[in-house]
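What follows is calculated from the coordinates using simple rules that are stated; it is not laboratory data. Quick caveat, the model's predicted, so the values are computed rather than measured. Heads up, the Cβs are rebuilt from the backbone with ideal geometry, glycines too, and the neighbour counts pull from every protein chain shown.
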């Protein structure tokens, strides 16, 4: 199958260029003196100094990363459990359940955030980490279920039956047969979940505890007053660190054989 | 399976490294629970007792816009040192969000908050703010007379609800290089010669008030049918509606737009950053707004909140803030500050010549909810018309 | 109850609990408040359909909704057109050792901040920015950029939501056995036939997920159009948002939301049917 496919490759190159162009602009602008992103380009490292000497951006970044990681973990776990449960139900019920769950994507998050805040206030939770966690969790869950459940349904049940008749315990079947073949769906949905949670400004804006700011909130506030390119500097650092880590993992872990997916 | 495990291990590894620039290990919650002051209600002392250095620090929660003076280092640090406490900011992104924050769980959490005059009045109807004891306000007598005791910031018994802090205007800003002769009328925004070069503030109140000033109507009670016509004409000329400093400054600097309705503070900051902009009060009049410090009911640290208000309205702080031109400073309410400021700073704040400030100003004050909704509906209609 | 039934319920418990308490409960609140006039967080007033009547009287809902749907369809269609080749390339063409890296790279830009990326795109498009400076070489006026137009909004939305489509399709494409495609090709099926008869039916569920994840958020978006849409940018999301956060008219806002939800649900239902049809063609 691995034939030359020039137009496909061209398409991919263009898409990646499109996706990375703004990041490249951010990187360039982090070294540019003009804070409004206008040319001509005048080199400076001032924004990095400002960032390092700086305000609460580091703390907010850190909070967002950990928080999104936890939400993603919980979302993936519950999403997988739910998908496994859904498979045991009649398909029409399962589909109905998913459409209801999808409402969490259809309801504008602004409204969901306000409604959740009202509910949390009512039960005495108020603005809190727990509330913020639950709010982000419910936004993330449909993404996981929507990818994992179809993957589960596409799975050939005969393989499982074979394993079971050969004496594998249900748990062993799950761990050695079902989960590995779900891996692409699980991983891609986790990536999406992370992306959704990491950027979910609205829900966090309404549910974060008083005085606590996540990265999207911090950036939103900064942007309103006219953000300085030290945010660009921060983004540059984050991109460089994450790209090199992904590269490293790719080299170390899965260089030779088949990939994760 | 191993791969899966390895992947998650790597993820766990990745995150600490990504976050290494932060100083603390985990997301720390803000300070300890604020302790209740023993003296309640009317008998609170003006100067809060300074807790011993060994004791738990109290936390003053201030609600304000980000970057609006009170969260600058020169605002927070001296105060924290003097009163041995920690100042935490809770930001809001609109006046409505501020009220919503108080309504939905903010009472009892937030000590002091900065609403616009119109919203002091809205909050008043819902009993969100405590009446203030004037004897505890050190700088009250120095505050600008015509804004410190407006009816919107007093309750029915005549008690003061908010302390004037700053004021500013929304008037006309333009690039002097892009026009042949100086502009001094709102008509410039409607002039077809400037088609596609105009930016207009995306706020239903200001938008309608300016349209009323331009069409010679009472800005507080205009004929909405006429306003709609006028705004639709304006829309043809307009390139974009801006909603924050950045969304005006970027296209202005890039030359996408050359003029528009703009805040005085925004013009001050642009000039301070070397971007040329002329800011004028048009002959038809300008829109003026004022911001007030209020103490929400059930504030956990009322004594500290008074101390904060006194600090915020002091000559020392206000002059420092007003001189920090790149911080987009509004005009201080403490009139003693004007004497301290250098002529350059006064010119940059557009208060150098009192005659330049128009006699005709439209105060941004509270509208009844139905009127407010009607104005918003009108503005949305204008925006949605193709 | 059999052991298997109990197990099913146990598996479903967390998901169903979330659905009930964090989706359906807020939804019912929404329905309830849409019947309350004015901005009351309490339910003291009488319930009525006044909000809905007002919305229809104002007449903004229809045109704005239609505009948002059009934008949603446009972005979704583009993301499918781009998404299939890219996902296919990732799943079948790229060497496996690079596959992980390239898949993760798709979302790496979003490890920073969506808002920052929007701003960065705007910097690219603005006059005297890179794109216009480049176009100026071909004699275009660099001060008349395409920023502050619906084209700019379209580009920004496509940028933001393309990754969801690619990832969705990829997760399904990668499971297709190479031999199936190979066999079909060796038996003389054209590329087009392979795509229509094999790939499309097999990836239909993932396509549906992708469509939902792109179409719905795009139709409900408002930040992008407010920032980059200029004077003609307003979409239905802005109308909903302004009633919540500008005039604090909870009732009207909720009613608008309910209408939005209804229309979106009908559209997703239709989409589901269409996709189900594709799926049934599975060999």
- Using mean Cβ contacts within 10 Å as the protection proxy, how do B:262-272, B:190-200 order, highest first? B:262-272, B:190-200
- Item | Taking the convex hull of Cα positions in the range C:1-142, its mean projected area over all directions (nm²) | 18.5 nm²
- For residue C:25 and residue C:197, what does the FRET efficiency come to when R0 = 41 Å and r is the distance between their Cβ atoms, rounded to the nearest 0.05? 0.35
- Calculate, in nm to one decimal, what residue B:229 and residue B:149 gain on full extension: separation in residues at 0.36 nm each, minus their alpha carbon distance. 25.2 nm
- Which log10 I(q)/I(0) values, to two decimals, does the range A:92-167 give at q = 0.13, 0.20, 0.22 Å⁻¹ under the Debye formula with one point per Cα? -0.56, -0.89, -0.99
- Item | Orientation-averaged projected area, Cα convex hull of the range B:81-127 (nm²) | 4.0 nm²
- Cα gyration tensor, chain C - rounded (a/c under 1.5), prolate or oblate: oblate
- Taking every DSSP bridge whose two residues both lie in the protein assembly as shown, the antiparallel percent to the nearest 5 is 60 percent
- Note on the structure: Where a ≥ b ≥ c are root eigenvalues of the Cα gyration tensor, a/c under 1.5 meaning rounded, otherwise prolate if a/b exceeds b/c and oblate otherwise, the range B:162-262 counts as oblate
- May I have the extent of the alpha carbons of the range A:57-98 along their three principal axes, as whole Å values ordered from largest to smallest? 48, 15, 6
- Beta carbons within 10 angstrom, averaged per residue: use that to sort the peptides A:95-107, B:283-295, highest first. B:283-295, A:95-107
- Query: Between residue A:44 and residue B:283, what FRET efficiency follows from the Cβ-Cβ distance if R0 is 51 Å, with the result rounded to 0.05?
  - Reply: 0.75
- MRE, 222 nm, helices only [DSSP H, n ≥ 4, -39500 (n - 2.57), over chain A, to nearest 500]: -24500 deg cm²/dmol
- If the protein assembly as shown were replaced by its equivalent ellipsoid, with semi-axes equal to the square roots of 5 times the Cα gyration tensor eigenvalues, what would those be, largest first, whole Å? 49, 32, 28
- Item | Shielding by partners, peptide B:230-241 (average Cβ within 10 angstrom, other chains) | 3
- Task: Using just the alpha carbons, could you tell me how many Å³ per residue the convex hull of the range C:171-241 encloses?
- Result: 121 Å³
- Query: Can you pull the mean other chain C-beta count within 10 Å for peptide C:225-235?
  - Reply: 6
- Query: Once you sort the root eigenvalues of the Cα gyration tensor of chain A as a ≥ b ≥ c, which label holds: rounded (a/c under 1.5), prolate (a/b larger than b/c) or oblate (the other case)?
  - Reply: oblate
- Message: Output needed for chain B: three equivalent-ellipsoid semi-axes, defined as square roots of 5 times the C-alpha gyration tensor eigenvalues, in descending order, whole Å.
- Response: 38, 29, 22
- Query: Just the C-alpha atoms of the range B:216-335: what Rg/Rh do they give, with Rh taken as the Kirkwood radius?
  - Reply: 1.06
- Query: Relative contact order (percent) for the range B:234-339, with alpha-carbon contacts under 8 angstrom and 6 or more residues of separation?
  - Reply: 26 percent
- FRET efficiency for residue B:125 and residue C:135, using Cβ-Cβ distance with R0 set to 56 Å, rounded to 0.05: 0.55
- Share, in percent, of DSSP beta bridges within chain B that are antiparallel, nearest 5: 55 percent
